[in-house]
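S.K.: Before we start, here is the structure in question, set down as structure tokens.
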2 protein chains.
Amino acid sequence: MPYPDEFEGFIINEIGKHQDFKKQSFKPKKFGDNDIDIKIEACGVCGSDVHTVTGGWGDAPAPLCVGHEIVGRAVKVGSRVKDVKVGDRVGVGAQVWSCLKCPQYTYGAPYPKEVDPNETISQGGYASHIRCHEYFVFPIPDAIPSHLAAPMLCAGLTVWEPLVRAKVGPGQQVAIVGLGGLGHFAVMFANALGAEVTVISHSPNKKDDALKLGARHFVSSGEKDWAKLLAFEFDFVLSAADVLGMSALQDYLSTLKVGCKFHSVGLPDEPINGLKPQQLTSNACSIGSSHIGNRPECLAMLKLAAEKKLFPWVETIPISEKGCAEAVERVNKNKVHYRFTLVDYDKAFGV
Amino acid sequence: MPYPDEFEGFIINEIGKHQDFKKQSFKPKKFGDNDIDIKIEACGVCGSDVHTVTGGWGDAPAPLCVGHEIVGRAVKVGSRVKDVKVGDRVGVGAQVWSCLKCPQYTYGAPYPKEVDPNETISQGGYASHIRCHEYFVFPIPDAIPSHLAAPMLCAGLTVWEPLVRAKVGPGQQVAIVGLGGLGHFAVMFANALGAEVTVISHSPNKKDDALKLGARHFVSSGEKDWAKLLAFEFDFVLSAADVLGMSALQDYLSTLKVGCKFHSVGLPDEPINGLKPQQLTSNACSIGSSHIGNRPECLAMLKLAAEKKLFPWVETIPISEKGCAEAVERVNKNKVHYRFTLVDYDKAFGV
């Protein structure tokens with residue numbers, strides 16, 4: 001059955017078999033008065049998608065359609081929807097609903113019975129359509145092309161949120177650890193917010209990219225004593241690195257000014273062992289983490305990105321069984337420069 | 001040789017032999033233009049003293065005179081000292097000098113050559129006198145008796161600092177973990193700053209004390225699911241507990257509101273293993289630590305304590321070889337209610 005009864009997507013039928021995307025149809029949740037149906041035209045490929053389909057973050061329900069950096073056009077709006085009209089270009093990130101106590105993630109989470117009698121499991125954006133509560137649907141400014149807006153909705157927001165909550169701005173020294181999908185957004189945003197940005201990376205060959213993205217300084221963390229030279233230097237250190245050991249953490253902490261924070265948006269599979277509160281006392285620093293951000297923060301990020309043309313560096317891949325598999329595999333192997341967006345949805349799903 | 005050439009103190013001659021206090025004389029650092037000599041009349045017994053003389057925090061120089069919660073009278077002031085006169089009652093905490101890059105701790109730290117040609121190791125307050133830079137000498141308000149002022153200068157300041165830096169105040173829910181020397185100060189201060197205070201303790205029998213000190217609620221962390229009932233409850237959690245495992249830490253973190261902080265002023269000997277940034281994402285919380293505080297914070301604390309009569313619960317012990325040994329042993333075994341101050345200095349050292 002075609003839309004609106006069913007959606008079509010590229011689906012993983014067994015967690016761990018992360019290369020076996022199959023084009024299949026699935027039933028969306030019951031349409032609600034605050035819901036919006038979006039015909040998708042672009043979806044970013046997020047590290048979360050990879051951690052989920054490989055099983056790296058633990059089990060997940062299958063069959064599953066991942067993808068939570070979604071841009072498309074509203075094709076149906078519920079009777080109580082206020083700010084979106086049919087035809088509007090809109091985006092959806094990693095959240096599609098909330099009971100106001102817990103978030104409802106964009107894919108892999110069953111809706112509670114009171115919202116959907118079938119307790120449908122949410123499905124993501126490697127698909128023809130998505131159905132989503134209006135609160136989590138964001139108008140996309142005209143200045144941002146869809147394939148560039150998509151990665152902002154998870155990756156962009158995930159680094160934007162800690163930067164603004166830490167009140168990063170002019171006069172501040174900010175370090176970004178790790179120049180990948182998240183890190184490259186963080187450099188652009190921290191620079192646009194007015195801070196003087198230093199990129200700390202294990203890959204000396206990323207220096208040129210770091211400077212092009214707006215960093216003023218580049219530090220190779222492979223060099224001996226790099227951290228000693230930067231003791232008490234930074235107002236904020238944002239780590240987007242996917243690996244974080246105790247020794248590296250101590251180095252990063254030592255570069256903070258008194259009372260300042262190390263914040264990891266990288267979520268490594270391996271835990272940190274050997275932490276002592278003592279290690280935080282010499283500069284009264286703290287360690288934090290977070291993911292995504294709220295609606296006002298997302299709207300503010302899109303506005304600034306549109307005004308200042310802060311666009312991610314994106315490679316596009318036409319969506320297909322093969323295309324999804326290739327994108328996931330390359331993100332898994334860190335072979336992306338710096339973000340993939342799946343495109344050509346019309347061709348894959350018919351117009 | 002008597003004062004001013006030498007000071008006398010109760011000294012540990014070998015780290016680890018923490019019961020062998022001997023009355024001995026020692027040479028102070030060279031007197032500087034900004035220095036003040038204080039004839040001591042009271043000194044608090046701090047957990048740091050115990051960790052140091054037992055070797056629990058690692059090696060320390062010996063012979064060593066510990067003690068960094070010192071109150072006495074100024075008996076000599078350097079030519080450039082501005083705010084203290086001979087005869088003033090003053091206090092000294094855990095710091096006696098700074099190069100403005102690193103702190104100089106009150107005991108066990110060699111002065112740099114440019115300050116003292118002999119590179120004298122600093123010695124603490126289980127002694128007749130202390131010599132200290134004026135910046136680290138605090139006038140004691142008349143309303144606070146010496147034996148009650150002493151414990152404020154390390155224990156009090158150590159919990160005051162994180163409370164004020166976290167902007168604890170009216171309308172906030174604040175939890176204090178562990179009701180001991182530090183914790184009992186934290187309850188008084190957080191309450192005086194206007195927060196609604198909850199004490200979280202393993203010892204149900206401390207409930208009465210908690211409420212007397214100003215807590216509104218008492219939670220026994222031995223009870224099953226205590227943390228679930230307090231999910232997303234607190235604006236700030238200050239831990240003064242001397243033991244902190246990963247499982248307890250996760251419980252404390254889960255009680256924080258979004259974006260709020262768990263701050264440990266307890267410095268356990270054992271490290272925390274198994275921390276993942278993921279564990280901080282659901283409420284975007286952070287983990288911090290610190291010790292003591294700066295001069296303006298210390299002066300503000302003393303002012304409020306004098307105004308509101310926020311006095312610690314103190315047992316006094318006459319200073320002597322036996323008295324020092326007893327105090328250290330009882331603090332080590334957590335048999336103090338809630339703080340010891342060594343007194344009767346005139347008798348011990350002669351007038």
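The values are calculated or read from the model by the stated rules, or taken from the named source; none is laboratory data. Note that the structure is predicted; figures quoted are calculated from it, not measured. All Cβ positions, even for glycine, are placed from backbone atoms using ideal geometry, and neighbour counts span all protein chains on display.
S.K.: Considering only segment B:304-347, state which residues are more than 18 Å from the chain's Cα centre (by Cα), surrounded by 21 or more Cβ atoms within 10 Å (Cβ to Cβ) and not β-branched (Val, Ile, Thr).
M.R.: Residues satisfying the conditions are B:323, B:345.
S.K.: Now for a different question. Out of the residues in segment A:285-303 meeting the condition of being more than 14 Å from chain B (Cβ to nearest Cβ) and buried (at least 17 other Cβ atoms within 10 Å of the Cβ), tell me which one is farthest from residue A:241 (Cα to Cα).
M.R.: The extreme case among them is A:302.
S.K.: Enumerate the pairs (first residue in segment B:100-126 and under 18 Å from residue B:52 (Cα atoms) and touching a residue at least 12 places away in the same chain (Cβ under 8 Å); second residue anywhere and of a type in the set (Phe, Trp, Tyr) and in a loop (DSSP other than H, G, I, E, B)) with beta-carbon separation below 7 Å, excluding pairs fewer than 6 apart on the same chain, so at least 6 apart or on different chains.
M.R.: Filtered contacts from segment B:100-126: B:104/B:111; B:122/B:107; B:122/B:111; B:123/B:107; B:124/B:107.
S.K.: State whether one or more residues within segment B:210-219 are assigned by TED's automatic domain parsing to the domain that holds residue B:236, farther than 14 Å from residue B:311 by Cα, assigned to a strand (DSSP E or B) and not aromatic (Phe, Trp, Tyr).
M.R.: The answer is yes; a qualifying residue exists.
S.K.: Looking at (1) under 15 Å from residue A:280 (Cβ atoms); (2) over 21 Å from the mean Cα position of the chain (by Cα), find the lone condition where residue A:248 falls short.
M.R.: Condition not satisfied by residue A:248: (1).
S.K.: Return the residue satisfying two criteria in turn: it lies in segment B:269-284 and is within 27 Å of the chain's Cα centre (by Cα) and at the interface with chain A (Cβ under 7 Å from one of its Cβ atoms), and of such residues it is surrounded by the fewest Cβ atoms within 10 Å (Cβ to Cβ).
M.R.: Per the stated criteria, the residue is B:273.
S.K.: Can you say whether residue B:144 is in contact (Cβ under 8 Å) with a residue 24 or more places away in the chain, surrounded by fewer than 22 Cβ atoms within 10 Å (Cβ to Cβ) and out of contact with any Pro (no Cβ under 6 Å at 6 or more places or on another chain), as far as the supplied structure shows?
M.R.: yes
S.K.: Residue under question is residue A:245, and the condition is that it be at pLDDT below 95 and facing another protein chain (nearest Cβ under 10 Å); does it hold? Please lay out each step first, then the result.
M.R.: On the way: at pLDDT below 95: yes; facing another protein chain (nearest Cβ under 10 Å): no.
For residue A:245, the condition - at pLDDT below 95 and facing another protein chain (nearest Cβ under 10 Å) - is not met.
S.K.: Oh, and also: Regarding segment A:225-236, can at least one residue be identified that is in contact (Cβ under 8 Å) with a residue 12 or more places away in the chain, within 24 Å of residue A:47 (Cβ to Cβ) and not assigned by TED's automatic domain parsing to the domain that holds residue A:43?
M.R.: Yes, the conditions are met somewhere in segment A:225-236.
S.K.: Which residue out of A:287, A:292 is aliphatic (A, V, I, L, M) and in a strand (DSSP E or B)? Walk me through it before giving the result.
M.R.: Numbers: A:292 fails: in a strand (DSSP E or B).
Going through A:287, A:292 in turn, the sole match is A:287.
S.K.: Evaluate the following for residue B:11: is it closer than 12 Å to residue B:131 by Cβ and of a type in the set (A, V, I, L, M, F, W, C)? Quick ask: steps written out before the conclusion?
M.R.: Numbers: closer than 12 Å to residue B:131 by Cβ: no; of a type in the set (A, V, I, L, M, F, W, C): yes.
Answer is no for this residue.
S.K.: Then there is this: Residue by residue through segment B:233-249, note down the ones that are of a type outside the set (Gly, Ala, Ser) and in a strand (DSSP E or B). Step through it out loud before you land on a result.
M.R.: Just the residues of segment B:233-249 that are of a type outside the set (Gly, Ala, Ser), to begin with: B:233-238, B:242-244, B:246, B:249.
Across segment B:233-249, the qualifying residues are B:234, B:235, B:236, B:237, B:238.
S.K.: If you go through segment B:325-337 one residue at a time, how many are in contact with a helix residue (DSSP H, G or I) (Cβ under 9 Å, 6 or more places away or on another chain) and either part of a helix (DSSP H, G or I) or at pLDDT 95 or above (or both)? Steps first, answer last, please.
M.R.: Taking segment B:325-337 and keeping what is in contact with a helix residue (DSSP H, G or I) (Cβ under 9 Å, 6 or more places away or on another chain), we get B:327-329, B:331-332, B:335-337.
Applying the additional criterion that residues be either part of a helix (DSSP H, G or I) or at pLDDT 95 or above (or both) yields B:327-329, B:331-332.
Here the count works out to 5.
S.K.: While we're looking at this one, here's another question. Across segment A:270-293, what is the number of residues that are at pLDDT below 95 and within 29 Å of residue A:71 (Cβ to Cβ)?
M.R.: Total satisfying the criteria: 3.
S.K.: Go through the residues of segment B:203-210 one by one and say whether even a single one is surrounded by fewer than 17 Cβ atoms within 10 Å (Cβ to Cβ), in contact with a strand residue (DSSP E or B) (Cβ under 6 Å, 6 or more places away or on another chain) and not β-branched (Val, Ile, Thr). Can you show your working first?
M.R.: Of segment B:203-210, the ones surrounded by fewer than 17 Cβ atoms within 10 Å (Cβ to Cβ) are B:203-205, B:208.
Still in the list and also in contact with a strand residue (DSSP E or B) (Cβ under 6 Å, 6 or more places away or on another chain): B:204.
Narrowing further to those that are not β-branched (Val, Ile, Thr): B:204.
The answer is yes; a qualifying residue exists.
S.K.: When the residues of segment A:222-243 are narrowed to those that are buried (at least 18 other Cβ atoms within 10 Å of the Cβ) and among the small types (Gly, Ala, Ser), which ends up farthest from residue A:171 (Cα to Cα)?
M.R.: So, considering only residues that are buried (at least 18 other Cβ atoms within 10 Å of the Cβ) and among the small types (Gly, Ala, Ser), the one farthest from residue A:171 (Cα to Cα) is A:241.
S.K.: Taking segment A:90-102 as the region of interest, how many residues are within 12 Å of residue A:135 (Cα to Cα) and either in a strand (DSSP E or B) or touching a strand residue (DSSP E or B) at 6+ places or on another chain (Cβ under 8 Å) (or both)?
M.R.: 8
S.K.: Could you list all residues from segment A:168-197 that are over 21 Å from residue A:152 (Cβ atoms) and surrounded by fewer than 24 Cβ atoms within 10 Å (Cβ to Cβ)? Even if it seems obvious, please write down each step before you answer.
M.R.: If we filter segment A:168-197 for residues that are over 21 Å from residue A:152 (Cβ atoms), which is where we start, we get A:170-173, A:175, A:196.
Passing the criteria: A:170, A:171, A:172, A:173, A:196.
S.K.: Of these, A:162, A:151, which one is buried (at least 22 other Cβ atoms within 10 Å of the Cβ), touching a strand residue (DSSP E or B) at 6+ places or on another chain (Cβ under 6 Å) and within 14 Å of chain B (Cβ to nearest Cβ)? Outline the logic, then answer.
M.R.: Details: A:151 fails: within 14 Å of chain B (Cβ to nearest Cβ).
Matching residue, one of A:162, A:151: A:162.
S.K.: Would you check which residues across segment B:114-127 are surrounded by 24 or more Cβ atoms within 10 Å (Cβ to Cβ) and outside any strand (DSSP E or B) and list them? Quick ask: steps written out before the conclusion?
M.R.: Initially, segment B:114-127 is screened for residues surrounded by 24 or more Cβ atoms within 10 Å (Cβ to Cβ), giving B:122-127.
Within segment B:114-127, B:122, B:123, B:124, B:125, B:126 qualify.
S.K.: If you check residue A:29 against the conditions, is it modelled with pLDDT of 95 or more and either of a type in the set (D, E, K, R) or over 21 Å from residue A:347 (Cα atoms) (or both)?
M.R.: Working: modelled with pLDDT of 95 or more: yes; either of a type in the set (D, E, K, R) or over 21 Å from residue A:347 (Cα atoms) (or both): yes.
Answer is yes for this residue.
S.K.: Here is a follow-up. Which of (1) touching a strand residue (DSSP E or B) at 6+ places or on another chain (Cβ under 7 Å); (2) touching a residue at least 40 places away in the same chain (Cβ under 8 Å); (3) under 30 Å from residue A:137 (Cα atoms) does residue A:261 not meet, given it meets every other one?
M.R.: Unmet for residue A:261, out of (1) touching a strand residue (DSSP E or B) at 6+ places or on another chain (Cβ under 7 Å); (2) touching a residue at least 40 places away in the same chain (Cβ under 8 Å); (3) under 30 Å from residue A:137 (Cα atoms): (3).
S.K.: Within segment B:184-199, identify whether any single residue is of a type in the set (Val, Ile, Thr), outside the structural domain of residue B:328 (by TED's automatic domain parsing), part of a loop (DSSP other than H, G, I, E, B) and more than 29 Å from residue A:162 (Cβ to Cβ), and answer yes or no.
M.R.: Among the residues of segment B:184-199, not one is of a type in the set (Val, Ile, Thr), outside the structural domain of residue B:328 (by TED's automatic domain parsing), part of a loop (DSSP other than H, G, I, E, B) and more than 29 Å from residue A:162 (Cβ to Cβ), which makes the answer no.
S.K.: I'd like the full set of residues that are buried (at least 18 other Cβ atoms within 10 Å of the Cβ), in a strand (DSSP E or B) and facing chain A (nearest Cβ under 7 Å), limited to segment B:250-268.
M.R.: Across segment B:250-268, the qualifying residues are B:261, B:264.
S.K.: Another question, if that's okay. Can you tell me which residue within segment A:304-341, out of those that are acidic (Asp, Glu) and closer than 21 Å to residue A:54 by Cβ, is nearest to the other protein chains (Cβ to nearest Cβ)? Show your work before the answer.
M.R.: So the first thing to find is which residues in segment A:304-341 are acidic (Asp, Glu), and the list is A:307, A:315, A:321, A:326, A:329.
Checking the rest, the ones that are also closer than 21 Å to residue A:54 by Cβ come to A:315, A:321, A:326, A:329.
Details: A:315: 27, A:321: 31, A:326: 28, A:329: 24 Å.
Among residues in segment A:304-341 that are acidic (Asp, Glu) and closer than 21 Å to residue A:54 by Cβ, the one nearest to the other protein chains (Cβ to nearest Cβ) is A:329.
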